[in-house]
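*Asks:* Mind looking over this structure? Questions follow.
The values are calculated or read from the model by the stated rules, or taken from the named source; none is laboratory data. All of these numbers come straight from a predicted model, not from anything done at the bench. So basically every Cβ, Gly included, is an ideal-geometry build from the backbone, and we count neighbours across all protein chains shown.
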Amino acid sequence: MTLTLRDWASGSSPLHRMDARWKLLALMSVAVSVVWSENWAMAALACGGSLCWLRYVGVTWAWLVSRLGGVGGFLIALALVLPLTVPGQPDQGWTWGPIWISYRGVELAVLITLRTLTVACVALLLLTTTPLEQLTRGLLGLGIPRIVVQLLSMSVRYVYVLGTELKRLRIALRTRGYRQSVTRYSYQTTACVIGSLVVRSQERAERIAQAMYCRGFSGEWRLLPVATQHTRDAAMALVMVLSLVLLPWIIAVSYQRL
């Protein structure tokens, strides 16, 4: 069975019990602050802090590495290209034969890598501690348009259904002796699989819409009010911002002054 984000959104830590609105505000503030920062030391400390928060809520290192693998591949390519392409003066780089490596390019590569990893960890922290229904309430509570929230919720709910459907199609192909290769026949088969998946997705969407209308859906979700403890949630949000933004910034500035 494939481990999904939903398997981790039902814990009992204080972050799991936190109001989604405060959690969204805190983590969005952290992400914006890190992206706007030009200090790589602050970005590094914020990245380390976000990893500590993920471990605090119970995420394992193996699961975390598997989720950050795709982002890591892109960052490796970026880190290899930037030092070779960023312009600069001859004395602002390092020469090795015909290759010239820019110090500024290395700095930008490190900064962008740390920023991206921090934002990815913050996003995982939100998704692994917030069930879908709480995330929906939080987005609506922050004034996000209802149509946007509904589309996001439906996409998250049924992306796993489409993945399961694609898995069944692949199993059916393999049981009939099909193996993927770089041939015209493989490309035609892949196109047929994609077309079949689109048709099945449309049919399933029509059935889901009919089922929702039969249950009285009129285009707007009706949600029950949720009791929250604003003082505790606000304090938790403040702790997150302090540990991921303010404290890294103070340490980075103090280090630069030494």
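*Asks:* Within the bounds of the stretch 203-223, is there any residue that is among the β-branched types (Val, Ile, Thr) and surrounded by 11 or more Cβ atoms within 10 Å (Cβ to Cβ)?
*Replies:* Among the residues of the stretch 203-223, at least one is among the β-branched types (Val, Ile, Thr) and surrounded by 11 or more Cβ atoms within 10 Å (Cβ to Cβ), which makes the answer yes.
*Asks:* Just one of (1) touching a Leu at 6+ places or on another chain (Cβ under 7 Å); (2) not assigned by TED's automatic domain parsing to the domain that holds residue 63 trips up residue 151, so point out which.
*Replies:* (1)
*Asks:* When you scan the stretch 58-67, do you find a residue that is over 19 Å from residue 129 (Cβ atoms), of a type outside the set (A, V, I, L, M, F, W, C) and free of Cβ contacts under 8 Å to residues at least 12 places away in the same chain, even just one?
*Replies:* no
*Asks:* Check residue 217 against each of (1) without any contact (Cβ under 8 Å) to a residue 40 or more places away in the chain; (2) in a helix (DSSP H, G or I) and name the one condition it does not meet.
*Replies:* So the condition that residue 217 fails would be (2).
*Asks:* If residue 120 meets every condition in (1) within 15 Å of the chain's Cα centre (by Cα); (2) not assigned by TED's automatic domain parsing to the domain that holds residue 233 apart from one, which number is that one?
*Replies:* So residue 120 meets the others, but not (2).
*Asks:* Right, next: Listed residues 149, 193, 156, 245; which is part of a helix (DSSP H, G or I) and over 30 Å from residue 25 (Cα atoms)? Let's see the steps before the verdict.
*Replies:* On the way: 149 fails: over 30 Å from residue 25 (Cα atoms); 156 fails: over 30 Å from residue 25 (Cα atoms); 245 fails: over 30 Å from residue 25 (Cα atoms).
When all the criteria are applied, what remains is 193.
*Asks:* Please state which one of 161, 199, 182 is in the same structural domain as residue 151 (by TED's automatic domain parsing), among the β-branched types (Val, Ile, Thr) and at pLDDT 85 or above.
*Replies:* It is 199.
*Asks:* Quick test of your reading of the structure: residue 182 fulfils all but one of (1) outside any helix (DSSP H, G or I); (2) closer than 29 Å to residue 157 by Cβ. Name the failing condition by number.
*Replies:* Condition not satisfied by residue 182: (2).
*Asks:* Among the listed residues 75, 25, 80, 54, which satisfies the condition of being surrounded by fewer than 20 Cβ atoms within 10 Å (Cβ to Cβ) and modelled with pLDDT of 90 or more?
*Replies:* Working: 75 fails: modelled with pLDDT of 90 or more; 80 fails: modelled with pLDDT of 90 or more; 54 fails: surrounded by fewer than 20 Cβ atoms within 10 Å (Cβ to Cβ).
Exactly one of 75, 25, 80, 54 is surrounded by fewer than 20 Cβ atoms within 10 Å (Cβ to Cβ) and modelled with pLDDT of 90 or more, namely 25.
*Asks:* Does the stretch 57-72 hold any residues that are surrounded by fewer than 12 Cβ atoms within 10 Å (Cβ to Cβ) and either modelled with pLDDT of 85 or more or not in a helix (DSSP H, G or I) (or both), and which are they? Let's see the steps before the verdict.
*Replies:* Within the stretch 57-72, the first condition is being surrounded by fewer than 12 Cβ atoms within 10 Å (Cβ to Cβ), and the residues that meet it are 61-62, 65-66, 69-70.
Once the filter is applied, which keeps residues that are surrounded by fewer than 12 Cβ atoms within 10 Å (Cβ to Cβ) and either modelled with pLDDT of 85 or more or not in a helix (DSSP H, G or I) (or both), the stretch 57-72 yields 61, 62, 65, 66.
*Asks:* Please determine whether any residue of the stretch 121-138 is within 19 Å of residue 41 (Cα to Cα) and at pLDDT 80 or above. Break it down into steps so the answer makes sense when it comes.
*Replies:* Taking the stretch 121-138 first, the residues within 19 Å of residue 41 (Cα to Cα) are 121-122.
From what is left, the residues that are at pLDDT 80 or above are 121-122.
Within the stretch 121-138, one or more residues are within 19 Å of residue 41 (Cα to Cα) and at pLDDT 80 or above.
*Asks:* Which residue, of 45, 51, 27, is assigned by TED's automatic domain parsing to the domain that holds residue 108, more than 17 Å from the chain's Cα centre (by Cα) and not polar (S, T, N, Q)?
*Replies:* So the residue among 45, 51, 27 that is assigned by TED's automatic domain parsing to the domain that holds residue 108, more than 17 Å from the chain's Cα centre (by Cα) and not polar (S, T, N, Q) is 45.
*Asks:* In the stretch 102-122, how many residues are in contact (Cβ under 8 Å) with a residue 60 or more places away in the chain and either hydrophobic (A, V, I, L, M, F, W, C) or out of contact with any helix residue (DSSP H, G or I) (no Cβ under 9 Å at 6 or more places or on another chain) (or both)? Let's see the steps before the verdict.
*Replies:* Within the stretch 102-122, the first condition is being in contact (Cβ under 8 Å) with a residue 60 or more places away in the chain, and the residues that meet it are 107, 110-111, 114-115, 117-119, 121-122.
Applying the additional criterion that residues be either hydrophobic (A, V, I, L, M, F, W, C) or out of contact with any helix residue (DSSP H, G or I) (no Cβ under 9 Å at 6 or more places or on another chain) (or both) yields 110-111, 114, 117, 119, 121-122.
Residues flagged as in contact (Cβ under 8 Å) with a residue 60 or more places away in the chain and either hydrophobic (A, V, I, L, M, F, W, C) or out of contact with any helix residue (DSSP H, G or I) (no Cβ under 9 Å at 6 or more places or on another chain) (or both) within the stretch 102-122 amount to 7.
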